[in-house]
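Worksheet for the structure shown next.
The values are calculated or read from the model by the stated rules, or taken from the named source; none is laboratory data. Just so we're clear, the structure is a prediction, and the values are computed from it rather than from any experiment. In this analysis, Cβ positions are derived from the backbone assuming ideal geometry, glycine residues included, and neighbour counts consider all displayed protein chains. These area figures cover heavy atoms from the full protein model, side chains too; ligands, DNA and RNA do not enter into them. Shrake-Rupley method; radii C 1.70, N 1.55, O 1.52, S 1.80 Å.
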Amino acid sequence: MASNNNHLKIHEHLKVVPPLSSTQTTTTTIPLTFLDLLWLRFHPVERLFFYTLPISQSHPSFFFQKLVPILKSSLSLTLQHFLPLAGKIIWPLDSSKPFIQFNPNDDNNGVSLLIAESDSDFNHLIQNSPKETSLSRSFIPVLESTDVFSSIVSIQITLFPKNGFSIGISTHHAVLDGKSSTMFIKAWAYLCKKITENEKSPTLLPELEPLLDRESIKDRDGLSDIFANILTKMFPNEKGNERSLKILPFEPKLEDYVRATFELKREDLNKIKESALSKWEIFDTNESKPKSISSFVLTCAYSLVCVAKAIHQIQNEKEKFGFSFIVDCRARLEPPIASNYFGNCVWAHLVDTQPLDFIDEDGVFLVAKCIHEKIKMINENDVLEGAKDMIGKITSLMKEGYEIIGMAGSNRFEVYENDFGWGRPEKVEIVSIDRNLTIGLAESKDGRGGIEIGLVLNKHVMEVFSTLFFEGLSLC
């Protein structure tokens, strides 16, 4: 594995605030819904975007004097539309629940922005092949949180002289889900590009204007109180400090772990689909096979089975696996809410597999069938069905020795379309998948219908995964 010495030089650390007018002097307060509360102390979602630049534009003097001011000013303009992101999560004693507050007169408000420079090997960092997990962490900012407040977004811009730059972003999961955080990045990129094109007063596209009104999310069956109670029970050691907003230390797995990206091209997905459909009626004579299976289902099933088999091969005692995936509830709530709703509107669902399905010879088919049927059930019924019991279910399975694999990201977020004015990203990573056993999804960079899979695994497990992944495709 290539060496990648990293010396990070900090050029500037500042707070970016929206360009508030003299009339905007009132405090903005936004409640957290029951869909937000469950993520209150969860680790931040951390993404990293790498961009290449011509040598002339990536020279430090040009980059810091010409490009960074554009990135700063466009970020400020973007925050004008996304005011809550410049605020904090707080939980005053006279409030039964925490909420978001932005006070234009508070000097502590604003988005933390770190401007840095690195001598790391840029070309090594943007490769898909396995590399030390810790490398990407140098370019992700810390999201500040204490017992009494938590920041919502922090950003780091890092120059790699003669190569390009990266934008690392940490977002608080209790305020933004994946769709919301990528909407914010899209809005920032859009306005930044308009400024590079010399547009004087750029305005956002309607689809990038966030809907900040939380009234559209109605509490269901007292779930807000139930989740607040679950949070208290989850942290029994903090008795007397139940109102703490400090993010829990979900430590990243660094020692002996590597990070890699794999891709399933459109033709690979077609082969996996044909293989799965050919087995459908053999295994289930009571049900006709579906006309098609989504790329999401196929990608998850294939990746999950390769992960489970790789872990089982290295750690023989680990043989029981489960899969929990996130569902966007916006179009599935009754009544549906707007696609530009800004906040958490997702819920986790546990797939009804058998514990050994993932390491079965026909594992890809078995897992694909279960995910497909779970999504069908969600679409036909209440998307929040069983919400009260979900946490308990997952906790119970983990106590029984199950390895629960999660997912982050989506192949529908269009992360490779985020052009700030100097071209599309060369590489996008969900860095925070190193905190749990999680697969990270994104659309393929080439835009031809494939899907990227990001993974962080023990280096020996990753070697086995890679072999299973590529050999499996040749056998489909």
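The distance between label points at K459 and N316 comes to 2.4 nm (points 7 Å beyond Cα on the Cα→Cβ vector). Lysine pairs in the range 1-120 whose alpha-carbon atoms fall under 21 angstrom of each other, counting only those eight or more residues apart or on distinct chains, come to 7. With R₀ fixed at 25 Å, the C-beta to C-beta distance from L93 to L20 puts the FRET efficiency at about 0.30.
Based on protein heavy atoms only, the range 99-251 ends up with 43 Å² per residue of surface accessible to a 1.4 Å probe.
Between R266 and E251, the modelled label-to-label distance comes to 4.6 nm, taking each label 7 Å out from Cα in the direction of the beta carbon. Counting only whole DSSP H helices of the chain, the ones at least 18 Å long by C-alpha along their axis and with mean Kyte-Doolittle hydropathy no lower than -0.5 are 68-81, 178-196, 295-314, 363-380, 459-475. Under 5 Å from the amide H of E426 lie the amide H atoms of F50, Y51, T52, each residue being 5 or more positions distant or on a separate chain, with H modelled from the backbone and absent for Pro and chain starts. Taking amide hydrogens as placed 1.01 Å from N in the peptide plane, the amide H of H59 sits under 5 Å from those of K162, each at least 5 positions away in sequence or on another chain.
F321 sits among other residues whose Cβ lies under 11 Å from its own Cβ, and their net charge, with Lys and Arg +1 and Asp and Glu -1, is -1. Need one word for the range 322-476: rounded, prolate or oblate. Basis is the Cα gyration tensor (sqrt eigenvalues a ≥ b ≥ c); a/c below 1.5 gives rounded, then a/b vs b/c decides. Oblate is the answer for the range 322-476, as a/c is 1.5 or above yet b/c matches or exceeds a/b. Paramagnetic label reach from E414 (point 7 Å along Cα→Cβ; backbone nitrogen cut-off under 16 Å): within the range 438-476, residues 442-450.
Using a probe radius of 1.4 angstrom, the carbon and sulfur fraction of the accessible surface of the chain is 50%.
Place a point 7 Å from Cα of E471 in the direction of its Cβ. Which residues in the range 355-370 have their backbone N less than 17 Å from it? Residues 359-364 qualify, since their backbone N sits under 17 Å from the label point.
When the alpha-carbon atoms of the range 229-388 are used, the pair Rg, Dmax equals 19.1, 58 angstrom. Note: the chain, Cα convex hull, 158 Å³ per residue.
From the Cα gyration tensor of the range 70-184, with a ≥ b ≥ c the square roots of its eigenvalues, which class applies: rounded if a/c is under 1.5, or else prolate if a/b is larger than b/c, or else oblate? Verdict is prolate for the range 70-184. For K97, the amide hydrogen comes within under 5 Å of no other amide hydrogen, counting only partners 5 or more places away or on other chains and with H modelled in the peptide plane. Net charge in the neighbourhood of H11 (other residues with Cβ under 15 Å of its Cβ; Lys, Arg +1, Asp, Glu -1) is 0. Accessible surface computed residue by residue for the range 346-442, with neighbouring protein chains in place and a 1.4 Å probe, gives 42 Å² per residue.
Rounded to the nearest 20 debye, the dipole size of the range 276-389 about its Cα centre is 360 debye, using +1 on the Cβ of Lys and Arg and -1 on the Cβ of Asp and Glu.
Remark: accessible surface ordering of R330, R220, R435 (largest first) is R220, R435, R330, probe radius 1.4 Å. Tell me, what is the percent relative contact order of the chain, built from C-alpha pairs under 8 Å that lie six or more residues apart? That works out to 21 percent.
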